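Here the structure is laid out as structure tokens; the discussion comes afterwards.
The values are calculated or read from the model by the stated rules, or taken from the named source; none is laboratory data. Source: prediction; values computed, not measured. Counting neighbours? That spans all protein chains shown, and the Cβs are built from the backbone with ideal geometry, glycine included. Surface accessibility is based on the protein's heavy atoms, side chains included, excluding ligands, DNA and RNA. Shrake-Rupley method; radii C 1.70, N 1.55, O 1.52, S 1.80 Å.
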Amino acid sequence: MNHALVAKLLWKLLTDKESLWSKVMLAKYGKLLKLKETDSIPNWVSPIFRGLLKVKYIIDAGALWNLGDGRNIEVWTDPWLLVNNKPTPLNLIIHGPFPSSQKLSSVISRAGGWCPDFLNTLPPPVRHQIQMLHPRPGIKDILSWTKTKKGKFSVKSAYWTCKSSHNN
């Protein structure tokens, strides 16, 4: 249960970036959120943020970006596609050298469609899945929780996500 409660704090950090707490934590530790489970956590990290990083696997299992204008979504490393009902970053679907940081808005045309140059670099099944998504200029991207029907994070669903990940 403790992991699920800490995951709620991490969810708050990721979805409420305007709060003072989020601004301070992200300014100091934001780049560390890209660490993988196998990476070691630096010694200088506070115990609170260390705890947040330890439960990141729960958030990774259920967080999915809902596409708006694409300004908040990293093309290759953020989960914005569903593969077998699991939020998945594009770099886990296709392999290759990827730009270190590229926002999804950079592959959306001014008319609001997908840039053909981007789509043509993708395998047909991935291209088809992306073409089914429709960018919405002027609307913010939203991080949603796939483990509940309404897309809202809950401690209960985080608990069951944690429990099921430990059983696998």
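In this entry, Gly151 passes the filter for residues that are in contact with a Ser or Thr (Cβ under 6 Å, 6 or more places away or on another chain), under 21 Å from Leu9 (Cα atoms) and not β-branched (Val, Ile, Thr). For Phe118, the test of being among the aromatic types (Phe, Trp, Tyr), open to solvent by less than 30 Å² (accessible area, probe 1.4 Å) and assigned by the TED database to the domain that holds Ser144 is passed.
Just name the residue that is farthest from Trp11 (Cα to Cα) out of those in the stretch 121-144 that are in contact with a strand residue (DSSP E or B) (Cβ under 7 Å, 6 or more places away or on another chain) and open to solvent by less than 50 Å² (accessible area, probe 1.4 Å).
Taking the stretch 121-144 and keeping what is in contact with a strand residue (DSSP E or B) (Cβ under 7 Å, 6 or more places away or on another chain), we get 129-131, 135, 141-144.
With open to solvent by less than 50 Å² (accessible area, probe 1.4 Å) added as a condition, the list becomes 130, 135, 141, 143-144.
Numbers: Ile130: 26, Pro135: 24, Asp141: 15, Leu143: 9, Ser144: 10 Å.
Per the stated criteria, the residue is Ile130.
Return yes or no: is Lys17 closer than 23 Å to Trp160 by Cβ, not hydrophobic (A, V, I, L, M, F, W, C) and not assigned by the TED database to the domain that holds Ile73? Here the answer is no, as Lys17 does not meet what is asked.
Here Tyr29 clears all of (1) outside the structural domain of Ala111 (by the TED database); (2) under 10 Å from the mean Cα position of the chain (by Cα); (3) among the aromatic types (Phe, Trp, Tyr) except the condition numbered (2). Close contacts from the stretch 43-70, counting a first residue that is closer than 20 Å to Lys147 by Cβ and aromatic (Phe, Trp, Tyr) and a second that is in a strand (DSSP E or B) and at pLDDT 90 or above, with Cβ to Cβ under 7 Å and a gap of 6+ residues or different chains, come to Trp65/Pro79; Trp65/Trp80; Trp65/Leu143.
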